[in-house]
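Some notes on the structure that comes next.
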Amino acid sequence: MKSMLKDPLIHFLLLGAVLFLLFRFTAEEGGEQTINVDQEALLTFLQYRSIAFDREYFESYLEGLEQDKLEELIAQYVREETMYREALNLGLDEDDYNIRERLVQKLQFLAEGFQSTNAELTTEEIERHYQQNISLYYVSPRITFTHVYFSSNDRGQDEAMQFAQNKLEELNTNGVSFDEAVDHGDPFPYFVNYVEHTPSLVASHLGENLMETIFKMTPDEHMWQGPLESPYGFHLVMVLRVQQGRQPELDEILERVKEDGRTERLRELTEAAITEMTTNYKIEIDPSLKISASSGSTEAP
C-alpha cells in the first residue's frame with residue numbers, strides 16, 4: 001500500500017480527481033454562467049493578445065474577417081474566458097505573485113494605450129526636449145587605429161623599447177598595412193585593431209596618457225609612429241581616422257529626438273493616470289512602519 005502511495009501515477013490520478021470534483025462543485029454552486037460575446041469583447045481580446053493598442057485597426061480587422069476566421073476567433077475567446085473564470089472559481093489567482101505581476105503589467109499596458117494619442121509633441125515641444133537633454137545627443141569622439149605591441153614584462157623595459165625602435169623602421173620601410181599589424185609584435189591582452197572606438201574604451205585598454213596622445217596624432221594610413229609607452233610596454237601606432245566629438249543639430253536627429261520626447265511624455269502621462277487611480281483608494285499605513293510625515297520616507301528601525 002505504501003509503495004502505491006509513492007507512485008507518481010497515483011499522485012497524478014488523485015490530483016485529477018480533486019480538480020474534477022472542484023470543477024463540479026464550483027459549477028453547481030454558481031449555476032450556469034453566461035459568456036457574452038460581442039464586438040467589444042472581441043476587440044478587447046484582440047488587443048490583449050497584441051503588442052499594439054490601436055482600436056481603429058482592430059475594428060477594421062474584425063469587420064474584414066471571413067466567417068470561418070470569425071468563428072475561430074470566437075472559439076478562442078470563449079475558451080480563454082471559460083478557463084479564466086474556472087481558474088478564479090478555484091482560487092488559482094490567490095497568493096500567486098506571477099498572476100499579480102501579470103495583471104499589473106496589463107493595466108500598465110492599457111494605461112499606456114489610452115494615453116498614446118496624447119503623447120505626440122509639437123515642433124516647439126520637440127525643440128524644448130532637445131535643448132533640455134542636449135548632452136544625451138552629443139556624439140563622442142571616435143578613432144580608428146592599429147598598433148604593434150612589445151611587452152616590457154616579458155622583455156624588460158629597455159629591450160622592449162629597442163625592439164620597438166627597430167620594428168618602426170621595418171614597418172615603414174616595408175609599407176606594412178593596417179591589416180598586417182597582427183603579424184608583428186607581441187600578443188596584446190586587448191585589441192590589435194581599434195575601429196571607431198571612444199576615448200573611454202581606448203583609455204581602459206591603453207591608459208589615459210597614451211589615449212590622449214593617440215587622439216592628437218595626425219591620421220596617415222602609410223605611417224607608423226612611436227614608440228609610445230603604456231602600462232604594458234611600448235606601441236607602434238598607425239592612425240587611420242579621428243572623428244572629433246560634436247553636438248549634432250536638431251535637424252540631423254529629428255526623428256530620434258521626437259521619439260525620445262514622445263516616450264518621455266507617454267511615461268509621464270501613464271504615471272499620472274496610475275497616480276490618479278490611487279486616489280480612489282483609502283491608504284492606511286501601519287504605525288509600526290514609522291513613515292516620516294514630512295518626507296514620506298521610512299525611518300531606520
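Here, each number is a calculation from the coordinates, and none is a lab measurement. What you see is a predicted model, and the numbers here were worked out from it, not measured in a lab. With ideal geometry, Cβ positions are generated from the backbone for all residues, glycine too; neighbour counts draw on all protein chains shown.
Ranking request for peptides 172-183, 196-207: highest mean number of other beta-carbon atoms within 10 Å first, then the rest in descending order. Write down the numbers at each step before the final one.
On the way: 172-183: 13.2, 196-207: 16.2.
Highest mean packing first, the order is 196-207, 172-183.
Using a Förster distance of 45 angstrom, determine the FRET efficiency expected from the C-beta separation of Thr123 and Gln67, and round it to 0.05.
0.40
If you take the beta carbon distance between Glu255 and Tyr138 as r and set R0 to 22 Å, what does 1/(1 + (r/R0)^6) give as a FRET efficiency, to the nearest 0.05? Don't skip to the answer; put the middle values down first.
Working: r = 18 Å, r/R0 = 0.80.
About 0.80, to the nearest 0.05.
What net charge do the residues around Glu120 carry, taking every other residue with its C-beta under 10 Å from that of Glu120, with Lys and Arg at +1 and Asp and Glu at -1?
Values: positive: Lys258, Arg262, Arg265; negative: Glu125.
With Lys, Arg at +1 and Asp, Glu at -1, the neighbours total +2.
Please get the size of the charge dipole for the stretch 152-263, origin at its Cα centre, with Cβ charges of +1 on Lys and Arg and -1 on Asp and Glu, quoted in debye to the nearest 20. Provide the component values of the computation, followed by the final result.
Values: 8 positive and 21 negative charges, 56 e Å.
Roughly 280 debye for the stretch 152-263.
Give the relative contact order (percent, whole number) for the stretch 35-94; include only Cα pairs under 8 Å separated by 6+ residues.
Working: 20 pairs, mean separation 23.2, N = 60.
Value for the stretch 35-94: 39 percent.
Under a Cβ-only charge scheme (Lys and Arg +1, Asp and Glu -1), can you give me the dipole magnitude of the stretch 35-94 about the Cα centre, in debye to the nearest 20?
Values: 5 positive and 15 negative charges, 28 e Å.
It comes to approximately 140 debye.
Can you compute the modelled spin-label distance between Asn36 and Gln105, with each label point 7 Å from Cα toward Cβ, in nm?
The modelled label-to-label distance comes out at 3.0 nm.
Give Lys69/Lys258; Lys106/Lys258; Lys258/Lys282 a once-over and call out the pairs whose C-alpha atoms are over 29 Å from each other. Don't jump to the answer; show the numbers that get you there.
Working: Lys69/Lys258 39 Å; Lys106/Lys258 26 Å; Lys258/Lys282 39 Å.
Lys69/Lys258; Lys258/Lys282, as the Cα separations exceed 29 Å there.
Would you mind computing, in nm to one decimal, how far apart the modelled labels at Met83 and Asn98 are, each placed 7 Å from Cα along Cα→Cβ?
1.3 nm
Of Pro287, Leu250, Ala273, whose Cα points farthest to the positive end of the dipole of the stretch 228-289 (charges on the beta-carbon: +1 Lys, Arg; -1 Asp, Glu; origin at the Cα centre)?
Of the listed residues, the answer is Leu250.
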